[in-house]
Amino acid sequence: MSSFPAHPEDARGLIETLSFGVVAGSDDLAGLGDCLNLLDQVANADPATAARKRGSLKSVEKIINRIILEESPDLERDWKTIRALVGELVGKPEAESVPPVPPAAASPPVTASPVPVGRTREQTEAANPATHAIPPSGLTEELVDPELLGDFIEEARENIAAIELNVLSLENDPQDKDAINAVFRPFHSVKGVSGFLNLTDINRLSHQVENLLDAARADQLPVTPALIDVVLQATDILKELVQQLETTDPPARLAVSGSALVDSFLEKLECLDRPQPDLEIPAVPAAAVSQPTGAATATSERGAASMPPSAPADQGAVLGEAIDPELLKEFIEEAKENLASIELNILSLESDPEDKDAINAVFRPFHSIKGVSGFLNLTTINHLSHQVENLLDAARGGALAVSDRLIDIVLKATDILKELLNQLDQAPDPNALAAADSPQATAFLQQIADFDRSDRPQLVSASRKVGEILVAREVVPEQVVRQAVEKSREQQRKIGEVLVEEKAAPVQEVSGALRQQRHARESVAFVRVATDKLDNLVDGVGELVIAQSMVLQNEQLHAVKDQKLQKDIVQLSRITAELQRISMSMRMVPIKNTFQKLIRLVRDLSRKAGKEISLELHGEDTEIDRNMVEEIYEPLVHMIRNSADHGIESPEERERLGKPRGGTIRLAAEQSAGSIIIDIQDDGKGLDLDRIRQRAIERGIIPAQNNLPESALFEMIFHPGFSTNEKVTDVSGRGVGMDVVKKTVEQLKGKIETASTPGKGSHFQLKLPLTMAIIDGMVIKVGEQRYVVPTIALKESLRPGRQDYFTVQGSGEMMKVRDSLMPLVRLHQLFRVEPRHPDPWEALLLVVTEGDRSFCLLADEIVGRQEVVIKGLGAAMKDLVGISGGAILGDGRVALILDVKGVVSLHENRVA
Amino acid sequence: MAYKNLNVLVVDDFSTMRRIVRNILRELDFKNIFEAENGKAAIDVLSGQKIDLIVSDWNMPEMTGLDLLKYVRSNDQLKGLPFLMVTAEAQKGNIIEAVKFKVSNYIVKPFTAAILAEKLAKILPAE
């Protein structure tokens, strides 16, 4: 064996620290910390050898860790294993270099209560008679017979294969007793042999799964997909452990431990719904399988004298006395504040699920509430916050994806906690309530328990990149990388680790690749920019485009006949166009976040209204101006509320009508011809036309005698103060809503259309411009003035004949366009300008639509169609009817943007 | 106990938790208890006040308990200061990191006065 490590003083220091009692038992955290640091130094001093000896080093580290955490099942054995491993590392036979029991005198006490290593046996046994129950393991010191171990590995592999095969047939037929047996048996034999061989983790794992399967066999536990998942996960971990066993150096085998893996799995197992309490077997030390008197018993014995600090939160030390009311009050207030901060942080988490700070900010309140409620004996609050904390901890550690489902669970937990705190606040006797159960919380805890935790964040893309870098550097062949990627995905480990472990790539190369990857990542990093800066940039670019066209249209410039100038102008135009495109795209965001916020709304609404409603989302990736996204949220909320409350019937009613019990609201977004179309469709009862008509008459909105067509009646629901719902519910029916929706949509220069089929449902369609900063418009001239007509309202333009002009009594001037009569709107009259052509047949007509009516705008000339940047007119002119803003045209002149709705109302006032 | 004249600094972002720890310390006869709501605030206290013992939470905004520990251990005047880290059962694994940075000991929430006394006996110099 080569001498190791390269810097012998480190190793000697480690040996001395470990062997000669400088470390005074588990109380000497400083000494143990030194050992860990020495291990790191050893690993850093000679990375290549350290990589080779990774198994042994890791084992030493793991054992020290569990001593620190007071999780060691047998302290004395752990110390011996450490010494054996370290002795092996420096290439000396353990028995000669390290006295098995260092003399007590040689151990300088470093703590107030020194417990020299050599004396632990007597001390432990004196304090804890239960250790006598552990059969003296003949396998502790001498190495396991390599042949025996080899046989076990072989056999375990076969067993694993058998499990996987039979689990599949069990999945097909969960009742198949033979299949359960066939899965049970391999776990049983693995458990048996691993116990004999001192393979603690394999033993613990297989024992637990064996228990589950035994219960399933006895019909005490149903074979659910969840159970099958558990079995498969356990099989994966078992595979990993067996693999480790094979690749680790012989002395490390004793302590081969995937503790972390097994622990987290067993923890997960505890979260599962277990019908029988006795399934929970304490961590069984090796070779003591049949006598469960190991660590768990030892701990509780010790606990009798003084509470062990590792006592579980829910059964451990709680203040036995009544709760101090003042303390309780402080807690309630502080907890509420903390909960309020969660919703805020959830939002940033939703937009960036990988934001570790945001996860932590959501995690922390639950963590703090859990901590304090444990002291205050508030069992329900403690359990609930603890469970959510666990989920978030998994998310923080990258073991669980921050999915929408997770966020929903967290939000719901927040609500329930708020509710529990309120109850606590109002309860006359908080002490009685503290331990009381809340059915809501109990149901929710079940929901958390059922939460599918297999949803892991995607590591694959990142892994592949490191692999690609290594392939590009010709360090590793592509085939090997592909296998490693596969493996890293299966085991949820970093590809670098897998490659190093399989000795496919040296550590230096992998860390080099990681560094390169980090650089690559940094180069696509994001910068947070204030939105007003972004708006200024977009405006500025708009101005630039306009200034450019002003320059280009300058006649002096046209006189210059220089080829180079022409070429440069083309180049300039290309750059400004690109700049404009980029700056516009910077403000576009997917509509997804807005849509997803509505999922919770629908869930809450259906619960409140006692209906079963699901929200279907389509086109969530459609991009929309971020300024607009905020504006449309409220309208969408109103419309969805309406659908949920007025539209969709109760489950019983739906059943009676032969519809499925659950109603559906479909929310879809798409981009179409320069607009964003948002559809809100439900499969409820549709708009009640008779009711609308009746209500509109009652409210005096329409005369009692009327012939209004359907479409006009639909319009009524947008009338301010109109509500057909007699009963004001918690959800909607306050008479505000649809009029606000319409107003908002119009402010956004969009339109809303309504359709409804009785018994089949209603359908609202919002048509919004892509962005609020720029509109696509037709520039027209009336006299010398220029106006922009938004193309969203424009249907066609035409030159009428004299015969198309009519004057109708009471309705003013009309134009006949394709057999229908439309009111003629003389823009020059409305805006008091001198027209060039007062007669329509000499001028131009622009047919615009407003609602479902069409109007003809009279103009002198069409200048052309162009995109214009909208400029506000300032506060002084914001109430101007008929004009929605101004725009600077290419030649530097100002044009006013027409607001078609305003123009129509101006016209109607004039005629009336 | 001879602790009563020691100056203890309790660091936690959750004020109820600080109060609970303070109450428990009072039970153990400590008289001089100082508070800080995170690592940064703790450093402020340390710069103006002689402190004999720190009892700190781990997870706090602004500056965590671990960062406070690192600061204390790298400061020549403070490096020997007894430092007790408060942690939760689920986060116990993190303690390894703190041990590497020479935390004096740790205590798992929720704890009683008796457990705290036991821990303090291990890390405070005998008087």
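The values are calculated or read from the model by the stated rules, or taken from the named source; none is laboratory data. Keep in mind it's a predicted model, so treat the numbers as computed, not measured. Cβ sites come from the backbone with ideal geometry, for glycine too, and all protein chains shown count toward neighbours.
Is there a residue in the stretch A:356-371 that is at pLDDT 80 or above and more than 13 Å from every other protein chain (Cβ to nearest Cβ)?
Scanning the stretch A:356-371, I find no residue that is at pLDDT 80 or above and more than 13 Å from every other protein chain (Cβ to nearest Cβ), so the answer is no.
Out of A:676, A:692, I need the residue that is of a type outside the set (Phe, Trp, Tyr), at pLDDT below 90 and within 29 Å of the chain's Cα centre (by Cα). Which one?
Details: A:692 fails: within 29 Å of the chain's Cα centre (by Cα).
Exactly one of A:676, A:692 is of a type outside the set (Phe, Trp, Tyr), at pLDDT below 90 and within 29 Å of the chain's Cα centre (by Cα), namely A:676.
Please indicate, with yes or no, whether at least one residue in the stretch A:553-570 is in contact (Cβ under 8 Å) with a residue 40 or more places away in the chain, under 25 Å from residue A:887 (Cα atoms) and surrounded by 10 or more Cβ atoms within 10 Å (Cβ to Cβ). Full working, then the answer.
We begin by selecting, within the stretch A:553-570, every residue in contact (Cβ under 8 Å) with a residue 40 or more places away in the chain; these are A:553.
This time we only want the ones that are under 25 Å from residue A:887 (Cα atoms), so: A:553.
Those left that are additionally surrounded by 10 or more Cβ atoms within 10 Å (Cβ to Cβ): A:553.
Yes.
Given A:890, A:882, which one is at pLDDT below 80, assigned by TED's automatic domain parsing to the domain that holds residue A:782 and either crowded, with 17+ Cβ neighbours inside 10 Å or touching a Gly at 6+ places or on another chain (Cβ under 6 Å) (or both)? Walk me through it before giving the result.
Working: A:882 fails: at pLDDT below 80.
Exactly one of A:890, A:882 is at pLDDT below 80, assigned by TED's automatic domain parsing to the domain that holds residue A:782 and either crowded, with 17+ Cβ neighbours inside 10 Å or touching a Gly at 6+ places or on another chain (Cβ under 6 Å) (or both), namely A:890.
Just checking, how many residues over the stretch A:387-405 are assigned to a helix (DSSP H, G or I) and either touching a residue at least 40 places away in the same chain (Cβ under 8 Å) or basic (Lys, Arg) (or both)? Explain how you work it out, then say what you get.
The first filter runs over the stretch A:387-405 and keeps only residues assigned to a helix (DSSP H, G or I), leaving A:387-396, A:404-405.
Pick out the ones that are also either touching a residue at least 40 places away in the same chain (Cβ under 8 Å) or basic (Lys, Arg) (or both) and you get A:387-388, A:390-391, A:394, A:396, A:404-405.
Of the residues in the stretch A:387-405, 8 are assigned to a helix (DSSP H, G or I) and either touching a residue at least 40 places away in the same chain (Cβ under 8 Å) or basic (Lys, Arg) (or both).
Closer than 26 Å to residue A:609 by Cα and more than 41 Å from the chain's Cα centre (by Cα) - does that describe any residue in the stretch A:681-689? Before the answer, list the steps.
First pass over the stretch A:681-689, keeping only residues closer than 26 Å to residue A:609 by Cα: A:681-689.
This time we only want the ones that are more than 41 Å from the chain's Cα centre (by Cα), so: A:689.
Yes: one or more hits.
On the basis of being at pLDDT below 80, out of contact with any Ser or Thr (no Cβ under 9 Å at 6 or more places or on another chain), buried (at least 18 other Cβ atoms within 10 Å of the Cβ) and not charged (D, E, K, R), does residue A:870 make the cut? Write out each step before concluding.
Working: at pLDDT below 80: yes; out of contact with any Ser or Thr (no Cβ under 9 Å at 6 or more places or on another chain): no; buried (at least 18 other Cβ atoms within 10 Å of the Cβ): yes; not charged (D, E, K, R): yes.
No.
Against the condition more than 37 Å from the chain's Cα centre (by Cα) and either modelled with pLDDT under 85 or of a type in the set (Phe, Trp, Tyr) (or both), how does residue A:735 come out, does it pass? Lay out the reasoning, then the answer.
On the way: more than 37 Å from the chain's Cα centre (by Cα): no; either modelled with pLDDT under 85 or of a type in the set (Phe, Trp, Tyr) (or both): yes.
It is false that residue A:735 is more than 37 Å from the chain's Cα centre (by Cα) and either modelled with pLDDT under 85 or of a type in the set (Phe, Trp, Tyr) (or both).
Would you be able to say whether some residue in the stretch A:16-24 is modelled with pLDDT of 65 or more and either surrounded by 20 or more Cβ atoms within 10 Å (Cβ to Cβ) or not in a loop (DSSP other than H, G, I, E, B) (or both)? Write out each step before concluding.
Initially, the stretch A:16-24 is screened for residues modelled with pLDDT of 65 or more, giving none.
No, the stretch A:16-24 contains no residue that is modelled with pLDDT of 65 or more and either surrounded by 20 or more Cβ atoms within 10 Å (Cβ to Cβ) or not in a loop (DSSP other than H, G, I, E, B) (or both).
Right, residue A:82: away from chain B (no Cβ under 14 Å) and modelled with pLDDT of 70 or more or not?
Numbers: away from chain B (no Cβ under 14 Å): yes; modelled with pLDDT of 70 or more: yes.
Considered against the rule, which asks whether it is away from chain B (no Cβ under 14 Å) and modelled with pLDDT of 70 or more, residue A:82 comes out as yes.
Filter the stretch A:32-60 down to residues that are among the charged types (D, E, K, R) and at pLDDT 75 or above and give me whichever is nearest to residue A:72 (Cα to Cα). Show your work before the answer.
Kept after step one, since they are among the charged types (D, E, K, R), are these residues of the stretch A:32-60: A:34, A:40, A:46, A:52-54, A:58.
Subset that is at pLDDT 75 or above: A:34, A:40.
Values: A:34: 19, A:40: 22 Å.
Looking at the filtered set, the residue picked out is A:34.
To keep it simple, each residue is scored yes or no on (1) within 25 Å of residue A:240 (Cα to Cα); (2) at pLDDT below 80; (3) surrounded by 12 or more Cβ atoms within 10 Å (Cβ to Cβ).
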{"site": "A:481", "(1), (2), (3)": "yes, yes, yes"}
{"site": "A:485", "(1), (2), (3)": "yes, yes, yes"}
{"site": "A:496", "(1), (2), (3)": "yes, yes, yes"}
{"site": "A:506", "(1), (2), (3)": "yes, yes, yes"}
{"site": "A:515", "(1), (2), (3)": "no, yes, no"}
{"site": "A:521", "(1), (2), (3)": "no, yes, no"}
{"site": "A:525", "(1), (2), (3)": "no, yes, no"}
{"site": "A:576", "(1), (2), (3)": "no, no, yes"}
{"site": "A:581", "(1), (2), (3)": "no, yes, no"}
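Failed condition for residue B:72, given (1) touching a helix residue (DSSP H, G or I) at 6+ places or on another chain (Cβ under 9 Å); (2) within 24 Å of residue A:372 (Cα to Cα), with all others met?
(2)
Identify, by number, the condition in (1) crowded, with 24+ Cβ neighbours inside 10 Å; (2) farther than 18 Å from residue A:349 by Cβ; (3) in contact (Cβ under 8 Å) with a residue 12 or more places away in the chain; (4) within 11 Å of chain B (Cβ to nearest Cβ) that residue A:384 doesn't meet.
Of the numbered conditions (1) crowded, with 24+ Cβ neighbours inside 10 Å; (2) farther than 18 Å from residue A:349 by Cβ; (3) in contact (Cβ under 8 Å) with a residue 12 or more places away in the chain; (4) within 11 Å of chain B (Cβ to nearest Cβ), the odd one out for residue A:384 is (4).
Go through the stretch A:821-849 and count every residue that is within 14 Å of residue A:798 (Cα to Cα) and within 57 Å of the chain's Cα centre (by Cα).
7
Of the residues that make up the stretch A:578-591, is at least one of a type in the set (A, V, I, L, M, F, W, C), free of Cβ contacts under 8 Å to residues at least 12 places away in the same chain, in a helix (DSSP H, G or I) and closer than 23 Å to residue A:671 by Cα? Before the answer, list the steps.
First, pick out the residues of the stretch A:578-591 that are of a type in the set (A, V, I, L, M, F, W, C): A:579, A:582, A:584, A:586, A:588-589, A:591.
After this cut, where a residue has to be free of Cβ contacts under 8 Å to residues at least 12 places away in the same chain as well, the list is A:582.
After this cut, where a residue has to be in a helix (DSSP H, G or I) as well, the list is A:582.
Next cut, closer than 23 Å to residue A:671 by Cα only: A:582.
Yes, the stretch A:578-591 has at least one match.
Kindly list, by first and then second residue, each pair from a residue in the stretch A:881-902 that is free of Cβ contacts under 8 Å to residues at least 40 places away in the same chain to a residue that is among the hydroxyl-bearing types (Ser, Thr, Tyr) and buried (at least 18 other Cβ atoms within 10 Å of the Cβ), limited to pairs with Cβ atoms under 7 Å and residues at least 6 apart or on different chains.
Close Cβ pairs satisfying both conditions: A:899/A:884.
Which count do you get for residues in the stretch B:66-80 that are at pLDDT 90 or above and not β-branched (Val, Ile, Thr)?
So the first thing to find is which residues in the stretch B:66-80 are at pLDDT 90 or above, and the list is B:66-74.
After this cut, where a residue has to be not β-branched (Val, Ile, Thr) as well, the list is B:66-71, B:73-74.
Final tally of qualifying residues: 8.
Here's a check for you: in the stretch A:215-227, which residue that is surrounded by fewer than 17 Cβ atoms within 10 Å (Cβ to Cβ) and assigned to a helix (DSSP H, G or I) is modelled with the highest pLDDT?
Residues of the stretch A:215-227 that are surrounded by fewer than 17 Cβ atoms within 10 Å (Cβ to Cβ), as a first pass: A:217-220, A:222, A:224-226.
From what's left, assigned to a helix (DSSP H, G or I): A:217, A:225-226.
Working: A:217: 81, A:225: 77, A:226: 78.
Going through the qualifying residues, I end up with A:217.
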